[in-house]
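To keep things clear, I will list the structure first and then write my remarks on it.
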Amino acid sequence: MNLPKIPLGEWIDSLVNWLTITFAGLFSFITSAIEGTLNILVDVLSAGPPIVLMIILALLVTYTSKWPLGIFTIVSLLLIDNLGYWESSIQTLAIVILSGLLTIVIGVPIGIWCAQRKSVRNIITPILDFMQTMPAFVYLIPSILFFGIGVVPGIIASFIFAIAPTIRMTNLGIQEVPKDLIEASNAFGSSSRQKLFKVQLPLATPTIMAGVNQSIMLALSMVVTASLVGAPGLGADVYRAVSQINVGQGFEAGLSIVFIAIILDRITQNLRKPAYEHIVNRKIVFSILAMLVVITALVLGFTKENTVKENANGIGSQTDYEIIGIEPGAGLMKLTRDAIKDYGLNDWQLIEGSSAAMVAELRKAYNNQEPIIVTGWSPHWMFSSFNLKYLEDPNNSFGGSEDIHTIVRKGLEQDAPGAYKILDQFSWETSDMEEVMVDIADGMDPSEAAVKWIDAHQDKVVQWTKGAQAGNGESINLVYVAWDTEIASTNVIGKVLEQNGYTVTLRQVEVGPMFAGIANGSADAMVAAWLPGTHLEYYNTYKDDIVDLGANLQGTKNGLVVPEYVDIDSIEDLN
């Protein structure tokens, strides 16, 4: 059908932009409220040595689920601490608890409303269907624009993803209350409030708690997804392990998540009927627990040292001492961590996320003329779209200029000699790459931008294909990371190979899998290896199993980047 495409994506973009501008104050308030509450939770959970929280959780699990699970709890928590994931576990536990509280506070009233009003139920049900079937990653996109990078968009996305079971089960539990009991309460003259709190909710509690349990488990399942936008915790450890192909670290962090899931599951399953309620009434236990939390929070609030950073009006206080980073496995992130150590920036925190999240945060700050520091590299289209500058690096922590290399698997020259020769001869300039990146950033499809550039620069393409044997439909699998530079270069070389008779497949992966795929032969080539600095660790790991065809672009640069209006010029100025 030749019908014009409905500009649904453009409408959504316009709506999100309008919401971002119109409700900026509200989003700022929500961000501050969530961050403040999360910090209180983290402080409470971190109060005292780790063994204190371990014993409290073990006693709580023992009380609700009998002593064997209490022993399992203390052993599993000791193992988490031994493996070095205690702080990450505290962060994850706080995020899940806060997400769970939000689902209860908002989800239960909505579920009650649905049970009492059929018209509301008819409206809410399809919305819940949409929320549960929409991929969780999609919620992160507007969350970044509304709330910025960090833990808040992760919590909001987790809340949206996890709230549906609480609403559904609350609605179901109230609707399943026997009609004769409702009639009896009406006969005794009960008001709607009395009927709800004295009859319906008590009888529906088991069903409601089942929904809360499911919501908490769903929130926990989101911790890895939330790490894509900078949420800390075990999810970030798993994401980092995937990026770096670190099987051991991934297993350890994943096992820690499993332990946390089992503990939370057993506690929430048996809150209504604890195993040892016949010994100690649950109201007493939960009251003591609540008092401990409140007293600890109050004591910490009064005694916490409010350290005032030197130069309160400096760049550190203006940016909350945060450097906005990209994917945790990226070599640039390692260089930035090294720079933080080299310059003694002990107060500063490197925020992990993704390159897209970094650009979104940069755009938001730039439009509001707010100070921001990001990890940057060139070529990149953001230097064409924003007036930016690199901070000087007197200690040379980021190294000098780098080159982007083409790397292929062993045996490609014999299997597809024409493709090998084209890849070997592929070389272009920074201005060429930025031309493609700008078109993509302006909304053009990457493949269309690649074709546009190829049509306009046939002289260079002829040099790449000179003397190359034409293909006969052979399959070429190109891998790349989701950096704007690599999206541009991979699409261009992919289209050139297609025009020369090859069947090309492009696969987006993380940095570690990109190198590993070339080394084990599951991928044929990449044009995305930044050497000798950014990807040196991966290169050294796999150099005996790959073929380096040399640089396809020279003179790249890494470093810390700020807008021109930010009144600092060197990394040393961050002290």
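With a simple spin-label model that places each label point 7 Å from the Cα along the Cα-to-Cβ direction, the separation between residue 458 and residue 14 comes to 3.9 nm.
Tell me, what is the FRET efficiency for residue 197 and residue 474 to the nearest 0.05, using R0 = 60 angstrom and their Cβ-Cβ distance as r? Please list the in-between numbers first.
Working: r = 71 Å, r/R0 = 1.19.
With a Förster radius of 60 Å, E is 0.25.
Rounded, prolate or oblate for the range 418-567? Axes are the square roots of the Cα gyration tensor eigenvalues, ordered a ≥ b ≥ c, and the cut-off for rounded is a/c under 1.5. Spell out each step's value before the answer.
Values: a/c = 1.75, a/b = 1.15, b/c = 1.53.
Oblate.
Given +1 at the Cβ of Lys and Arg, -1 at the Cβ of Asp and Glu and no other charges, the dipole of the range 435-575 around its Cα centre is 660 debye to the nearest 20.
Between the range 327-383 and the range 258-299, the alpha-carbon centres lie 41 Å apart.
Each label point was placed 7 Å from the Cα along the Cα-to-Cβ direction; for residue 132 and residue 298 their separation is 4.2 nm. The helix-based estimate of mean residue ellipticity at 222 nm for the chain, built from -39,500 (n - 2.57) per DSSP H run of four or more residues and divided by its residue count, is -20000 deg cm²/dmol to the nearest 500. Along the axis of the charge dipole computed for the chain (Cβ charges of +1 for Lys and Arg, -1 for Asp and Glu, origin at the Cα centre), the listed residues 374, 114, 568 are led at the positive end by 114.
Each Lys or Arg adds one and each Asp or Glu subtracts one; over the other residues with Cβ under 14 Å from the Cβ of residue 49, this totals -2.
Between residue 448 and residue 52, what FRET efficiency follows from the Cβ-Cβ distance if R0 is 51 Å, with the result rounded to 0.05? If you can, show how the numbers build up before the last one.
Working: r = 59 Å, r/R0 = 1.16.
About 0.30, to the nearest 0.05.
The figure for residue 23 is an accessible area of roughly 80 square angstrom, using a 1.4 Å probe on the protein chains alone. For the set 124, 454, solvent exposure ranked by accessible area (probe 1.4 Å, protein chains only) runs largest to smallest as 124, 454. In the chain, a dipole from Cβ-located charges (positive for Lys and Arg, negative for Asp and Glu) runs towards its positive end, and of 414, 467, 182 it is 182 whose Cα lies farthest in that direction. When the Cα positions of 147, 523, 539 are compared along the charge dipole of the chain, 147 comes out farthest toward the positive end, with charges on each C-beta of Lys, Arg, Asp and Glu.
Under the rule that an exposed site lies in a DSSP loop and has at most 15 other Cβ atoms within 10 Å, name the longest stretch of the chain with no trypsin sites (Lys or Arg not before Pro) of that kind, not counting the sites themselves. Here the longest run is 118-271.
Accessible-area rank, largest first, for 177, 462: 462, 177, with all protein chains present and a 1.4 angstrom probe. Extension gain, residue 258 to residue 507: 0.36 nm times the residue separation minus the Cα-Cα distance gives 86.6 nm.
Can you count the Lys pairs in the range 174-302 with C-alpha separation below 20 Å, eight or more apart or on different chains? For the range 174-302, qualifying lysine pairs total 5.
Beta bridges assigned by DSSP with both partners in the chain are antiparallel in approximately 60 percent of cases. Using a probe of 1.4 Å, the accessible surface attributed to residue 14 totals some 70 Å² when neighbouring protein chains are kept in position.
Eigenvalues of the Cα gyration tensor times 5, then square-rooted: what semi-axes does that give for the range 43-299, in whole angstrom, largest first?
Working: eigenvalues 227, 129, 43 Å².
The three semi-axes for the range 43-299 are 34, 25, 15 Å.
Between residue 567 and residue 78, the modelled label-to-label distance comes to 5.7 nm, taking each label 7 Å out from Cα in the direction of the beta carbon.
For the chain, what mean projected area does the convex hull of the alpha carbons give, in nm²?
Details: hull surface 129.9 nm².
Directional mean of the projected Cα hull area for the chain stands at 32.5 nm².
Compute the FRET efficiency between residue 188 and residue 384 as 1/(1 + (r/R0)^6), taking r as their Cβ-Cβ distance and R0 = 51 Å, and round to the nearest 0.05. It comes to 0.10. Taking a point 7 Å from the Cα of residue 279 along the Cα-to-Cβ direction, the residues of the range 58-77 with backbone N closer than 20 Å to it are 58-76. Each Lys and Arg contributes +1 and each Asp and Glu -1, all at the Cβ; summed about the Cα centre of the chain, the dipole is approximately 3460 debye.
The values are calculated or read from the model by the stated rules, or taken from the named source; none is laboratory data. Note that the coordinates shown come from a computational prediction; the quantities given were computed from them, not determined experimentally. Neighbour counts are summed over all protein chains in view; Cβ atoms, including those assigned to glycine, are modelled from backbone coordinates with ideal geometry. In case anyone asks, the SASA skips ligands and DNA or RNA and just uses the protein heavy atoms, side chains included. Shrake-Rupley method; radii C 1.70, N 1.55, O 1.52, S 1.80 Å.
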